[in-house]
Amino acid sequence: MVSEKIQENIKLPIIDLSLEKSQIIKLIVKASEEFGFFKVINHGVDTNVIKKMEDESYKFFSKPFSQKQCAGPANPYGYGCKNIGLNGDNGEVEYLLLHANPNLSISQISKNISSDPLMFSCAVNGYVESVRELACTILELMAQGLRVQQTSVYSNLLMDLHCDSLLRINHYPPFNLTPHLLHHDCDKSPNSCNSTVSKIGFGEHTDPQILTILRSNDAPGLQISPQKGLWVPVSPHPNTAFSVFVGDTLQALTNGRFKSVRHRAMVNSCKTRMSMVYFGAPSPHARICCPLELVTTTPHKPYHLYRSFTWAEYKKATYSMRLGDTRLDQFFRLQSENDETITINNQTS
C-alpha cells in the first residue's frame, strides 16, 4: 500500500490567456504534459454569467432537503445526495447533474429545481455556452501546440450537435454540523469553527471526458495527484480563475502525451464549498483515435498507444466500474503494435 503524502509547496501552473499566443500554447502543452492540470485567468468568461449561475446554484442548495429531493434522483440527470455513480461510491456531497448540450432543453427539469424555471434555464444555458467556448479555445491551442494540422480536431467534438457534455454542480457543506449533515440544514455555516479537520468529500478519480472546466468558490478542498501517493492542494485563488483538467479521452486523443490527472475534493469543518464543473464530451458515436501526427513512428510502422473506441463504449466501461478504478490503460491500451483488440469482461469490443 502506497503511503499518502500532502505536498503544499508545488507551484501549479496558472496561465494568463491574455499573453502572446505562442507563449500561451507553450505553457498549456507543458502543463498538460507535466500535471494534466492548470488554471486559466483572463479567460473572457463574463463575470455576470458566472454570478448568475452561482446565484441560482446557491438558491437551490439552500432549500430544505425535502424540496431538493423533488429534483432527483439523478438518473441520469437531477439531484443526488452522497451517492456517486451506480457502484457503491459515496461522498460528503450533494449535487445537481445536468446535460450541457445546448441543442437539448433543460426546461422540464428546471421546473423541479427552481421557482423561476426560465431564470434557471437562462443561467445554465449562458454559463454552458461560455465555458464550452473557453474549452474549445483551449483545445484548439492544444492542437496547435501538438502541431496537429487540423487545429479544430478536438474542439469539433464538443461542438457536435449530439455532444454528451455535462454540467455538474457540487455542494460540500461543512461536515461537523450534525450527524446527518446532508439531511438537516446542511447549507448553514456554523457560528464558530474550532477545527480544521478535513475528510474526503468526493473520492479520487480521473474524468473520463475530453476536458473539464471547473469553477469553485473561495473554499479550499480540491487536490490533484501528479504521481501515485502524492497529493497537491489546489488553492482556490485567484478567485477569477477556472481550473482545467485533462480527461481520459484527451489522453487517448493525444496518444498519451497529455495525462489525465487523478483528483479529489476534501471537505472541512469550517466552510461550505461549491464547484460548477463542465465536462466536455463528444457524441456517443464519435470515434476516439489520435491524429496521425501524434503517432510515434517505429522503424517499421506507426504505433498507437490506445485502440480506437467510441465515446459510448468508453462511457459504458466507466459506469461499470468504481469511481477510482483505472479504465483507459486497463482496458483500452494496446498490448503491442500488432494488437488491435482489447477485451472487456471477456467480450471483444
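Rule-based calculations on the coordinates, nothing more; no lab input. Since the structure is predicted, the reported quantities are computational estimates derived from the model, not experimental observations. Cβ coordinates were reconstructed from backbone atoms using ideal geometry, including for glycine residues, and neighbour counts include every protein chain displayed.
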Using the Cα centre as the reference, give the magnitude of the dipole from point charges on the C-beta atoms of the chain (Lys, Arg: +1; Asp, Glu: -1; all else neutral), rounded to the nearest 20 debye. 340 debye
Computed FRET value (nearest 0.05) for Q227 with Q150, which takes r as the C-beta separation and R₀ as 45 Å: 0.85
Within segment 267-335: Cβ-based charge dipole about Cα centre, in debye rounded to nearest 20 (Lys, Arg +1; Asp, Glu -1): 200 debye
FRET efficiency, S107 to K30 (Cβ-Cβ, R0 41 Å, nearest 0.05): 0.45
Hey, which lysines would be in cross-link range of K11, C-alpha to C-alpha under 16 Å, not counting anything within fewer than 8 residues on its own chain? K30, K39
Positive minus negative residues near F242 (Lys, Arg vs Asp, Glu; Cβ under 15 Å): -2
Positive-end extreme of charge dipole, the chain - chosen from Q108, I200, L166 (charges on Cβ): I200
Beyond a 21 Å Cα-Cα separation, which of these cross-linked pairs lie in this structure: K5/K271; K59/K315; K5/K228; K52/K82? K5/K271; K59/K315; K52/K82
Here, K51 and T137, labelled 7 Å along Cα→Cβ, have an inter-label distance in nm of 2.0 nm
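Taking the Cβ of R132 as the center, what net charge do the other residues with Cβ under 15 Å away carry, scoring Lys and Arg +1 and Asp and Glu -1?
Counting the neighbours of R132, the net charge comes to -4.
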Cβ-defined net charge surrounding S283, 12 Å radius [Lys, Arg +1; Asp, Glu -1]: 0
Label corresponding to mean projected area of the Cα convex hull in nm² when calculated from the structure given, among (i) 18.7; (ii) 17.5; (iii) 19.9: (i)
By the DSSP-based rule, helices of the chain that are at least 24 Å long along the axis (C-alpha) and have a mean Kyte score of at least -0.5 are 117-145
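Give me the extension gain from Q67 to N42: residue separation times 0.36 nm, minus the current Cα-Cα distance, reported in nm with one decimal. Show your work: numbers first, answer last.
Details: separation 25, 0.36 × 25 = 9.00 nm, distance 3.75 nm.
Using 0.36 nm per residue and subtracting the Cα-Cα distance, I get 5.2 nm.
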What size of dipole, in debye to the nearest 20, comes out for segment 56-140 about its Cα centre when the only charges are +1 on Lys and Arg C-beta atoms and -1 on Asp and Glu C-beta atoms? 340 debye
